[in-house]
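Student: Pasting a structure here, questions to come.
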Amino acid sequence: MQCYRTYRVLAPTAAAAAAFVLSKNTRSLRTQSEEVGALDSWKKRWDTGMTRWHQPDVYWALEKYGDDFIHKESRVLVPLCGKTVDLAYLTTKAKEVIGVEGVLQGVQEFMQENPNLQMEAVESKNGFDCFRGEKIWLLCGNFFHFGPVVAGKFDVVWDRAAMVAIKPSDREEYVQVLGSVLKPGGVLLLSGYIRPNSETTLGPPFTLNRDQVLHLFEHQPWIASVECIESVSDAFFNEAWYKRLILRWRFGGVVSEDIWVIRSKVQ
Ligand SMILES: C[S@@+](CC[C@H](N)C(=O)[O-])C[C@H]1O[C@@H](n2cnc3c(N)ncnc32)[C@H](O)[C@@H]1O
């Protein structure tokens, strides 16, 4: 495992602020059928049990770095959460955990697999079906419709297999949503996969390399700093050897991974 640090403190420009406003306004131009189509492909994956991204254990980077940012008063957001066991783990660390998932089956499977969280359906809010349990909310709906009116603002966002799951052309919009819900001084802890041979068009997961991360975040007026805290040359190092072999075959080589800490301005 190789470690390096890329650290940038970023200053906003007037053009950046204008781009921010523009992209917020263009969000409404997305057609309903595009949105439905996007979630349909995920529904099919859930229907057919093609949820190979799901891991039985808490994600290594959350276990390793989570405590540096999450404390007992934190509100933590997990976008595109699937049924990750990270949600349950986070309830033991934070004040409140909110997961957003577009496919109801994912939410239902999470509730079935975590009966101790005593989750139940409650009144839906702003188009999101809501499920509440012990220190946890799951909101079922399209993350591109999420915002502070739905569930307030967050100290920490944990993004594993979320930004890499959406189409690269939707990333700017995804970052706008994150920017709208992160508190001043908040932290985005982000895992980015990098496919072999600089491949950027295949996915999900789509490559999220260093240049792309810096390009996405450096012009945002709310950003204070972007830091890569760890780089792993084999993202699937903790899988059994035969699974690693299959994964390398599927991806055409070794997938690497960067772990990022992205901070919003204190004010
Ligand atoms: C690759 S999975 C990752 C799940 C989870 N982060 C994990 O680590 O197990 C991506 C998840 O995002 C959901 N998803 C995809 N697009 C979405 C959207 N626009 N809004 C909400 N959820 C979405 C999918 O249904 C899927 O469960």
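The values are calculated or read from the model by the stated rules, or taken from the named source; none is laboratory data. All figures in this text were calculated on a predicted structure; none of them were measured in a lab. Please note: Cβ atoms are built from the backbone with ideal geometry, for glycine as well, and neighbour counts cover all protein chains shown.
Student: Within segment 237-267, can you find the residues that are in a loop (DSSP other than H, G, I, E, B) and closer than 12 Å to R195 by Cα?
Tutor: Answer for segment 237-267, where residues must be in a loop (DSSP other than H, G, I, E, B) and closer than 12 Å to R195 by Cα: G252, G253, V254, V255.
Student: Working only within segment 93-112, note down all residues that are of a type in the set (A, V, I, L, M, F, W, C), touching a helix residue (DSSP H, G or I) at 6+ places or on another chain (Cβ under 8 Å) and touching a residue at least 40 places away in the same chain (Cβ under 8 Å).
Tutor: V97, I98, V100, V103
A quick yes/no check of all residues on (1) in contact with a Pro (Cβ under 9 Å, 6 or more places away or on another chain); (2) within 16 Å of the ligand (Cβ to nearest atom); (3) at pLDDT below 95:
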| residue | (1), (2), (3) |
| --- | --- |
| V157 | yes, yes, no |
| L178 | yes, yes, no |
| G186 | no, no, no |
| S198 | no, no, yes |
| F217 | no, no, no |
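Student: Given the structure, is S124 of a type in the set (S, T, Y), outside any strand (DSSP E or B) and away from the ligand (no atom under 13 Å from the Cβ)?
Tutor: no
Student: Moving on. Which of (1) touching a helix residue (DSSP H, G or I) at 6+ places or on another chain (Cβ under 7 Å); (2) within 17 Å of R75 (Cα to Cα); (3) touching a residue at least 60 places away in the same chain (Cβ under 8 Å) does L90 not meet, given it meets every other one?
Tutor: (1)
Student: Across segment 36-71, what is the number of residues that are over 15 Å from V157 (Cα atoms) and either more than 10 Å from the ligand (Cβ to nearest atom) or part of a helix (DSSP H, G or I) (or both)?
Tutor: Selection size over segment 36-71: 20.
Student: How many residues does segment 72-87 hold that are over 24 Å from E257 (Cα atoms) and within 14 Å of the ligand (Cβ to nearest atom)?
Tutor: Matching residues across segment 72-87 total 0.
Student: So Q118 clears everything in (1) touching a residue at least 24 places away in the same chain (Cβ under 8 Å); (2) touching an Asp or Glu at 6+ places or on another chain (Cβ under 6 Å) except one condition, right? Which one?
Tutor: With respect to (1) touching a residue at least 24 places away in the same chain (Cβ under 8 Å); (2) touching an Asp or Glu at 6+ places or on another chain (Cβ under 6 Å), Q118 is out only on (1).
Student: With the checklist (1) part of a helix (DSSP H, G or I); (2) modelled with pLDDT of 95 or more; (3) in contact with a helix residue (DSSP H, G or I) (Cβ under 9 Å, 6 or more places away or on another chain) in hand, flag the one item S23 doesn't pass.
Tutor: Condition not satisfied by S23: (2).
Student: Of the numbered conditions (1) in a strand (DSSP E or B); (2) within 10 Å of the ligand (Cβ to nearest atom), I98 fails exactly one; give the number of that condition.
Tutor: Going through (1) in a strand (DSSP E or B); (2) within 10 Å of the ligand (Cβ to nearest atom) one by one, I98 breaks only (2).
Student: Hey, another quick one. So, in segment 101-121, of the ones that are within 16 Å of the ligand (Cβ to nearest atom) and more than 18 Å from the chain's Cα centre (by Cα), which residue ends up nearest to A165 (Cα to Cα)?
Tutor: Q105
Student: Considering only segment 131-223, give the strands (runs of 3 or more DSSP E) lying wholly within it that have at least 1 residues that are touching a residue at least 24 places away in the same chain (Cβ under 8 Å) and closer than 19 Å to A235 by Cα.
Tutor: 154-159, 182-194
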